[in-house]
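One structure below.
The values are calculated or read from the model by the stated rules, or taken from the named source; none is laboratory data. These numbers were taken from a predicted model, which means no experiment stands behind them. Here Cβ is always computed from backbone atoms with ideal geometry, including for glycine, and neighbour counts include all displayed protein chains. Note: accessible area is taken over every heavy atom of the protein model, side chains too, but ligands, DNA and RNA are not part of it. Shrake-Rupley method; radii C 1.70, N 1.55, O 1.52, S 1.80 Å.
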Amino acid sequence: MVNIIIEFSKYLNIILIAIYTYYAFRVFGFSDKKKQNKTYRKMSYIIFSFHFICYLILYLTTKNVKVVFLYGLELIALILVLTLYQWIYVNLSKQILHNMLFLLTIGFVMLTRLSYDKAIKQFMIASATLVICLIIPLLIDKMKYLSRLGWVYGIVGIVMLLSVLLWGVENYGATNWIRIAGFTFQPSEFVKILFVFGIASLLSKRTDFRYIVCVTALAACHVLILVLEKDLGGALIFFITYLVMLFVATSEPLYFFSGLLAGCAASYLAYHQFYHVRVRVMVWRDPWSLIDNEGYQVSQSLFAIGTGGWFGMGLFKGLPTSIPVVDSDFIFSAISEEMGGLFAVCLILICISSFIMFINIAMKLNNTFYKLIALGLSIIYIFQVFLSVGGVTKFIPSTGVTFPLISYGGSSILSSIIMFSVIQGLYVLGQDRNDNIEKRKSKKKNTTE
């Protein structure tokens, strides 16, 4: 009977996420607030339905009462976040809020399937972060001096990265973690937010050539330190983010293409200078010839994705735990194997809908500093998704990047929620200012009449 329920549930979950994905894009075409709110209510029902179905399967399979307990805690958290955020911020983007919660829910489900202890830890960190981030939209509006601290952001970021280079611990070949009092965290996850704030602050002031050279040197220091730490994914994210922000701030294609050429040259040098870079490329080209050692992880990932097919094996019917570091770097493979390729494609489309919303927010902001922040965080988000999915599918060499909001990792989940909250704050700020302008126009019109 349980097998029949699991088999039925995998098709039902695909239908649910397909409908959600349709709504996530369809809502862009609605100008009527009533239609938008009706669609968002349907998206909420889908999130709760998916959550219930998955945890029902998890309980029926494991017979573990702790799973029911965790489901109850997550259900309460989802209801509270949906209610509190919409109550405190009338003008918030419900699109961003719903996508964030759905992605978190998918992550909670997969982590509970892979490791209950890690799922509990992830849930606690995410819940605390969501509560703290309630005040971020308010801070964005109140802290006017944030745009004056460009060099401070840059220097603090470099110091944090250098501390890892000097006193960090090595995990899976990269020295990008720090352990303090038994807790391990990844500073680069937070530095990338500081990096965006710093570059946005500096480029919003001046864009003459000499100044651009100084700002580029600051950005290059971040990238170089990450390369020395063997954090190739982080270095790529910082590099691409800076190039896009520079191009938007200056409208100068020469800077962009010169940066790409410099990046290609740096990649060529890194390939010949660093052994770990050569290994990543060799695994990308032919993981099967290295399946017993360096290529084992990617090979198992491809086996999992291929085994799952379009419709998946069903929760607890696959072997995702055979993939090393599956709960963080390779969680997309686990999702593809047990939820199916169609589910995985819809998941990527939901991430793209979030990115489109982020870019829309950036385009509508008049303040250059805020516009560049929204743009920079948008690029970080979507490029991280690209690196994560591309690495596990052998589309590009694996870079060890987590999937935002879904992969296991306190630093990753914390920084991802902060990024969503900052962009949410920028949206609220823009909407509040538009409302004030409309009120002034209406008041002026009434006075004239």
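How large is ³J(HN,Hα) for each residue in region 33-45, as worked out from phi by the Karplus curve 6.51 cos²θ - 1.76 cosθ + 1.60 (θ = phi - 60°), to whole Hz, x for Gly and Pro? Once θ is set to phi - 60°, the couplings for region 33-45 become 4, 5, 5, 4, 5, 5, 5, 5, 5, 5, 5, 5, 4 Hz. Checking the cross-link pairs K38/K94; K10/K35; K33/K94; K10/K394 against a 22 Å limit on the alpha carbon distance flags K10/K35; K10/K394 as lying beyond it. The amide H of S328, built 1.01 Å from its N in the peptide plane, has Y408 as neighbours under 5 Å, considering only residues 5 or more places off or on other chains. Report in % the part of the accessible area of the chain that belongs to carbon and sulfur, leaving out ligands and nucleic acids; probe 1.4 Å. So the carbon and sulfur contribution to the accessible surface is 67 percent. Using a simple charge model, +1 on the beta-carbon of Lys and Arg, -1 on the beta-carbon of Asp and Glu, nothing else, what dipole does the chain show about its Cα centre, in debye to the nearest 20? Approximately 1720 debye in magnitude.
Remark: region 250-379 carries 47 Å² of accessible area per residue (probe radius 1.4 Å; ligands, DNA and RNA excluded).
Scoring 27-39, 154-166 by mean Cβ neighbours within 10 Å over their residues and listing the highest first yields 154-166, 27-39. Measuring nothing but how far apart in sequence close Cα pairs (under 8 Å, 6+ apart) lie, relative to its length, region 342-403 scores a relative contact order of 23 percent. When the Cα gyration tensor is reduced to axis lengths a ≥ b ≥ c, the ratio a/c is 1.5 or higher for the chain, and with a/b not above b/c it is classed as oblate. For G295, nonlocal amide neighbours, meaning residues 5 or more places apart or on other chains whose placed amide H falls under 5 Å from its own, are L290.
Sequence-ordered 3J(HN,Hα) estimates for region 219-232 from the Karplus curve with 6.51, -1.76 and 1.60 and θ = phi - 60° stand at 5, 5, 4, 4, 5, 4, 4, 5, 5, 5, 7, 6, 8, 5 Hz, glycine and proline given as x. Listed values for region 278-295 are Karplus-derived 3J(HN,Hα) couplings in whole Hz (6.51 cos²θ - 1.76 cosθ + 1.60, θ = phi - 60°), namely 4, 5, 4, 5, 5, 5, 5, 6, 7, x, 5, 6, 10, 5, 7, 9, 4, x, and x replaces Gly and Pro.
Of the listed residues I46, I4, the order by accessible area with a 1.4 Å probe, largest first, is I4, I46.
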